[in-house]
1. Filter segment 141-192 down to the residues that are open to solvent by less than 10 Å² (accessible area, probe 1.4 Å) and more than 22 Å from residue 263 (Cα to Cα), then identify the one that is modelled with the highest pLDDT.
2. Which numbered condition in (1) more than 35 Å from the chain's Cα centre (by Cα); (2) touching a residue at least 12 places away in the same chain (Cβ under 8 Å); (3) open to solvent by 10 Å² or more (accessible area, probe 1.4 Å) is the only one that residue 428 fails?
3. Answer with yes or no whether residue 119 is assigned to a helix (DSSP H, G or I) and either touching a strand residue (DSSP E or B) at 6+ places or on another chain (Cβ under 8 Å) or surrounded by 22 or more Cβ atoms within 10 Å (Cβ to Cβ) (or both).
4. Would you be able to tell me the number of residues in segment 467-493 that are touching an Asp or Glu at 6+ places or on another chain (Cβ under 8 Å) and polar (S, T, N, Q)?
5. Restricted to segment 587-612, and to residues that are aliphatic (A, V, I, L, M), buried (at least 22 other Cβ atoms within 10 Å of the Cβ) and assigned to a helix (DSSP H, G or I), which residue is nearest to the chain's Cα centre (by Cα)?
6. Which condition breaks for residue 573 when tested against (1) crowded, with 19+ Cβ neighbours inside 10 Å; (2) over 30 Å from residue 438 (Cβ atoms); (3) at pLDDT below 95?
7. Check whether at least one residue in segment 457-468 is open to solvent by 10 Å² or more (accessible area, probe 1.4 Å), of a type in the set (Lys, Arg), more than 33 Å from the chain's Cα centre (by Cα) and within 21 Å of residue 582 (Cβ to Cβ), and report yes or no.
8. Please pick out the residue among 359, 309, 371 that is outside any loop (DSSP other than H, G, I, E, B) and either open to solvent by 30 Å² or more (accessible area, probe 1.4 Å) or farther than 16 Å from residue 426 by Cβ (or both).
Amino acid sequence: MKLVAPLRSFGRADLALAGGKGANLGELMAGGFPVPDGFVVTTDAYALVAAGLSTREAVERAEVPAELRRAVAGAYAELGGGPVAVRSSATAEDLPGAAFAGQQDTYLNVVGEEALVDAVRRCWGSLWTDRAVAYRDKLGIDHGEVRIAVVVQRMVEAEAAGVMFSADPVTGERGHLVVDASTGLGEAVVSGLVTPDHYVLTPGGEVKDFRPGRREVIVRGTAGGGVVHESGDGTPGERLPDAALRELAGLGTRVAAHFGRPQDMEWTYAGGRISLVQARPMTALPPPPVGRLNPLQRKLLTVLLEYVPVRPYPIDMTTWAPHGPAGLMAKMTAYFGLRGAFEGFLEERDGVVYRLNPPRPHPTLRVLGTPYRFLAKARRYDPARWTEDPRFHAFLRTNRELTELDLAALPWQELVRVPRRTLDAVQPMADLRIDYLPGAGRALLRLLSALKLRRRGKLFGALITGARTRTSDANDALEELAAEGPDGARFEEMFRAFLAEYGHRETATPLLVTPPTWADAPDTVLGLVKVLAAGPPRKASGDDALDRLLASLKSPRTKARLDRLVRAARAGVAFREDSHFYFTKPLPVLRRSLLELGRRLFDDPQDVFHLRLEELEAITDPDTADLRALRSAVTARAAKREELAGVRLIDPRAIYPAPATGDALVAGAPASAGTATGPVKVIRDPSEFGKLDGGDVLVCPYTNPSWTPLFQRAAAVVVDAGGSASHAAIVAREYGIPAVMGTGDGTAVLADGRLVTVDGDAGLVTAAPQHG
């Protein structure tokens, strides 16, 4: 049992003994970095004294054995006595995503053996403060598994001190270092007691930006031990010398390179020298800027950002993400000679999706034969008759068999195969899309060409909106539910029938399995019923457009031909919509099978979302398998996910460059013509559907077919993501309401109740005069 050891004797492999802070500082000393000398009171010492204790008061009152007192006293004497800094170093600090910043205590300018032993006990006790316990609960960390060491270092009476990030914590820029500094000890900066001097540096130490601080408080050590907080004058002090800034930039760059990832460091400056007193991985760091995007990348990211509104889990990344709609699109584009458009756009780190990468589409030699393959399929496969294809009926049979499985009764060996069976079942739908979409595309092109020859091209959007689809069937069924009302005699029966037919519809996104479906979240459907019950819904105007077109024509042959073209184009639109509807049919059984696996492994079945499918498939018998490694992976990935909760997968400004807006509140892409004025209603996810009132301006981060009924009541639509070809834009045009897409920040700028005017022609949202 090692109770006390020199700081320099530890490294990254010693996290369990020295805690995160001690292991990292020892690693830096071994690497030749300027770290004040010191020693570590190890986790073995904590276990010797505090085993079985779980309150701060009990730990701080615990008697320290004579053996440990002698070891601490000896190490203190070897250090030269005098003032020291005493810092907590918990073992959980090494978890990805668990910064533990400020969760345990630090004591500066501790003088004397008794004061040192007391400070060590108080550091131990800080493992059990309310805030530390609550933080571990939030991250799902087992309290019984956490230990704490204490780092004791020679005190540096700093002239200035602060923190340094080896990457910009706001923009994610890896080529910048950010330094916050103030006079005196670093506690003033770390604890947020002052407005620090703020530097943005290049790796070479060049100052790219500087904002002076105000030095409201200066923390200094006192002669007898402890610190005093002196009132500053609130005015800027002297900047750090250029040489010190260059040294900081060089150290920060080297430390990040040494640990292989951006670092959050604390430093001191005294006597012309910089010392490092802490280094840990940066947490909640945004992805680096994506740089300049070409038009195709921007177009693809417009689609992807709308379809990935939430951070995927590891189970998403190994099930529905590669095999669902994104996998289908990748298969389709590869068939026609384009790779990289829908592959590899989600990057994982520490087992968690970290960022949305710009796709890098590139043609293959197969593209040379694309015109022939496209025309051949367009001639052979008629989208109006796709439901007669034997492959479609085989798919329905397979899906029915999967849906009828009693998952709870299946033995593990059969249950664990269900997810893979479900993913295999959807592949025929991908083949159907490859075969029938060329015919849909040809029908749309023919109609557009015919309209443009007659100078009626502007009617194209309205004419194709009259297609009868499963989405419009769902909307009609919702209207029937709204007409019956929750108190109606038949409502419960109708509601069950609705969920049986349409319950597989996604709530958040069709690309992921972890968000609930309508059947999993019936309150979402009830919210839509509430919206529709509030007044008569708006109807799409496709048939009116066709009647007007035909009435304007004189030749019966021309009328008949255009009528056929319109109906063929609508059949193409219906195929695109309906094949997606059926493609997602297996989603509920996939989700339920995963949750049943999770129920057999964890207290919370949704913990299974943090695992990968291959990790589940490797378990032959959960009753005999050693699941500690899996549970540890779940804890670590959950902590990393929690860290990234406020971090975007990509900066929307890279996809939607801010246009010149004049006095507009928000600007984006014009997506559906017209203007409308109404109060803002921000709907962030399907659980809030019921908030929308008739005449509201719907402001939302994304949309998908599940949001369609809201368009029947909204005055206009403003969406953070998407473009003029996205689902929200198409549906808005169907209902004749203005829409602005790809604002990037509409949900952040526009507040509930604010009266605004949406100009769908210009892509602008402006403030409207407030009445009353």
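1. Selected residue: 184.
2. The one condition residue 428 does not meet is (1).
3. In short, yes.
4. The total comes to 2.
5. Applying the filter and picking the extreme gives 608.
6. Here residue 573 meets the rest and fails (2).
7. Yes, because at least one residue in segment 457-468 is open to solvent by 10 Å² or more (accessible area, probe 1.4 Å), of a type in the set (Lys, Arg), more than 33 Å from the chain's Cα centre (by Cα) and within 21 Å of residue 582 (Cβ to Cβ).
8. The unique qualifying residue is 371.
The values are calculated or read from the model by the stated rules, or taken from the named source; none is laboratory data. Everything quoted here is computed from the prediction, not taken from an experiment. Note that we place each Cβ from the backbone using ideal geometry, even for glycine, and neighbour counts take in every protein chain shown. To get the accessible areas, we keep the full protein, side chains included, count just its heavy atoms, and leave off ligands, DNA and RNA. Shrake-Rupley method; radii C 1.70, N 1.55, O 1.52, S 1.80 Å.
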